[in-house]
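The structure under discussion appears below in the form of structure tokens.
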């Protein structure tokens, strides 16, 4: 019989780097800056950290060995994971499991990348974006047919959902607009300009049915959190964000297999996380949902049980996702407006919401339970985290 | 054909039979000798029953559009004359799904469930691509 880790571990410190255009910083610079802020937020010394889990593994990302070197850390337990944007919650969960197994006591988790600078720093970088990495010319079953860029697989999924359920562009637009409204309240968000439905609908097509405002934005961004036992958390500076549940679902047979691009692994991730936490979707007060594209939010609203399969469009368009709605979602602006750090900033925002860090313009009133989700790894990996307020 | 500027498929050990089939204008995939399942992507093992016995078997070349996207943004200069172009997932009659282009019609005429059939395009002296066009009514 597995041990239920519900409520035994907590996030005790969070931090983010400067967000948006930060050309003077590398991915590693961004991440260690976020880590320093998380350490300061927790009120601990860096030498108390004996575990380190980051999203890796290539040189684009923040490999644990380089991070440890730059932060001056020798630790007992460290690694970098490779589940794409599902890695961040996986890392928090692995931190809990490693502590529970006696491998370490205090774990730094996070991710950062210089995605804006990497793609816009100079003309060479801009051309690379415009014409795609030439190494793709050596692959098969994709680039020879003109399959390039992240939007394509999501466009395929959005089209399928539209075909099966009559989902509309306006419904997708309501997601982008709600998150932009949240970003406008967040002084650190990268993109805060007002967005209207006319702007949304008249934007240029990228891969139809997805257009410009359906896509998350390249940003320089990093986030970090500190995980430790609830017992230890009690003596620290911040109210602990209780880790009540986590779960995962990985449809490794692929996005194109069965109806995997309609029924995602998020359903299993959510069922596991809710069961561990002893809650149901109706108990969740706010959500931070992985929004690489608008359509991915819609799918997850369904798969995490906030509405029936096929009803994500009407649910989003009802205003449910706004700060005053039934399920305030991506309350810092999400990856569509705040900044894309493969879901790490959404873990940070989930903690801030259950700590009630904000004034009334940004705080979800009476937020007790927040769902945070991750998604990635060539579209098939899903992760879910239920955070609870300290009482 | 010498100046073909788009990416050319680079067959691996496990996919060479597939591209050789295309070269001969024949769509082929592996069929499991144990459970008869066709499979894609190519592999030494059947993902249904883990049998390692298989044969290369011809396909009808007919299928339907499972879903598709229409590229409006340019990602690769050689595709500029093609914009807007359709990238779709084709569900073959035999079961497997292949990513390909839908050609021979306007992008706005493509729909999920549309019947299509394979066409071959010799792009270099060594390489041939499989694409799909609307299947004319019988």
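The values are calculated or read from the model by the stated rules, or taken from the named source; none is laboratory data. These figures come from a predicted structure and were not determined experimentally. Note that each Cβ is placed from the backbone with ideal geometry, even for glycine, and that neighbours are counted across all protein chains shown.
Would you check if residue A:282 is surrounded by fewer than 19 Cβ atoms within 10 Å (Cβ to Cβ) and away from chain B (no Cβ under 14 Å)? Here the answer is yes, as residue A:282 does meet what is asked.
Annotation: of all residues in the range B:27-41 being within 11 Å of the chain's Cα centre (by Cα) and in a strand (DSSP E or B), the one that is surrounded by the fewest Cβ atoms within 10 Å (Cβ to Cβ) is B:28. Does residue A:378 meet the test of being touching a residue at least 60 places away in the same chain (Cβ under 8 Å) and touching a strand residue (DSSP E or B) at 6+ places or on another chain (Cβ under 6 Å)? Spelling it out, it is not the case that residue A:378 is touching a residue at least 60 places away in the same chain (Cβ under 8 Å) and touching a strand residue (DSSP E or B) at 6+ places or on another chain (Cβ under 6 Å). Within the range A:139-165, being at pLDDT 95 or above, touching a helix residue (DSSP H, G or I) at 6+ places or on another chain (Cβ under 9 Å) and more than 7 Å from chain B (Cβ to nearest Cβ) holds for A:154, A:157, A:158, A:161, A:162, A:165. Looking across the range B:65-84, the residues that are within 9 Å of another protein chain (Cβ to nearest Cβ) and under 17 Å from residue A:161 (Cβ atoms) come down to B:66, B:67, B:68, B:69, B:70. Exactly one of these conditions fails for residue A:296: (1) assigned to a helix (DSSP H, G or I); (2) more than 30 Å from residue A:25 (Cα to Cα); (3) away from chain B (no Cβ under 14 Å). Give me its number. Looking at each condition in turn, residue A:296 falls short on (2). Quick check on the range A:59-67. Is at least one of its residues under 27 Å from residue A:244 (Cβ atoms) and surrounded by fewer than 17 Cβ atoms within 10 Å (Cβ to Cβ)? Checked the range A:59-67: no residue is under 27 Å from residue A:244 (Cβ atoms) and surrounded by fewer than 17 Cβ atoms within 10 Å (Cβ to Cβ). Scoring residue B:21 on the criteria (1) more than 18 Å from residue A:140 (Cα to Cα); (2) part of a helix (DSSP H, G or I); (3) within 13 Å of the chain's Cα centre (by Cα) leaves a single failure, condition (1). Scanning the range A:25-51 for residues that are more than 22 Å from residue A:352 (Cβ to Cβ) and either buried (at least 17 other Cβ atoms within 10 Å of the Cβ) or at pLDDT below 95 (or both) yields A:25, A:26, A:27, A:28, A:29, A:50, A:51. Against the definition (in contact (Cβ under 8 Å) with a residue 12 or more places away in the chain, assigned to a strand (DSSP E or B), surrounded by fewer than 14 Cβ atoms within 10 Å (Cβ to Cβ) and more than 9 Å from chain A (Cβ to nearest Cβ)), how does residue B:55 come out, yes or no? So residue B:55 passes the test.
As for the range B:116-123, it holds at least one residue that is at the interface with another protein chain (Cβ under 9 Å from one of its Cβ atoms) and either crowded, with 16+ Cβ neighbours inside 10 Å or modelled with pLDDT of 95 or more (or both). Does residue A:178 qualify as being within 8 Å of chain B (Cβ to nearest Cβ), under 23 Å from residue A:197 (Cβ atoms) and in contact with a helix residue (DSSP H, G or I) (Cβ under 8 Å, 6 or more places away or on another chain)? Judged against the criteria, residue A:178 is not a match. Of the numbered criteria (1) at pLDDT 95 or above; (2) more than 14 Å from chain B (Cβ to nearest Cβ), the one residue A:206 fails is (2).
Kindly establish whether residue B:44 is assigned to a strand (DSSP E or B) and either in contact with a helix residue (DSSP H, G or I) (Cβ under 7 Å, 6 or more places away or on another chain) or over 14 Å from residue A:253 (Cβ atoms) (or both). When the stated conditions are applied, residue B:44 does not pass them. The number of residues in the range B:5-21 that are more than 10 Å from every other protein chain (Cβ to nearest Cβ) and within 21 Å of residue A:148 (Cβ to Cβ) comes to 0. Counting only helices (runs of 4 or more DSSP H) that sit completely within the range A:144-262, those holding 1 or more residues that are without any contact (Cβ under 8 Å) to a residue 40 or more places away in the chain and crowded, with 20+ Cβ neighbours inside 10 Å correspond to A:169-184, A:197-202. Residue A:136 falls short of the stated requirement of being within 14 Å of another protein chain (Cβ to nearest Cβ), modelled with pLDDT under 95, crowded, with 22+ Cβ neighbours inside 10 Å and over 23 Å from residue A:339 (Cα atoms). Evaluated against (1) surrounded by 15 or more Cβ atoms within 10 Å (Cβ to Cβ); (2) within 13 Å of chain A (Cβ to nearest Cβ); (3) more than 17 Å from the chain's Cα centre (by Cα), residue B:131 falls short on exactly one condition, (3). Considering only the range B:85-114, state which residues are more than 7 Å from chain A (Cβ to nearest Cβ), farther than 18 Å from residue B:41 by Cβ and in contact with a strand residue (DSSP E or B) (Cβ under 6 Å, 6 or more places away or on another chain). Once the filter is applied, which keeps residues that are more than 7 Å from chain A (Cβ to nearest Cβ), farther than 18 Å from residue B:41 by Cβ and in contact with a strand residue (DSSP E or B) (Cβ under 6 Å, 6 or more places away or on another chain), the range B:85-114 yields B:86, B:93, B:102, B:103, B:104, B:105, B:107, B:110, B:113, B:114. Of note, residue A:282 does not satisfy the criterion of being more than 19 Å from the chain's Cα centre (by Cα) and in contact (Cβ under 8 Å) with a residue 60 or more places away in the chain.
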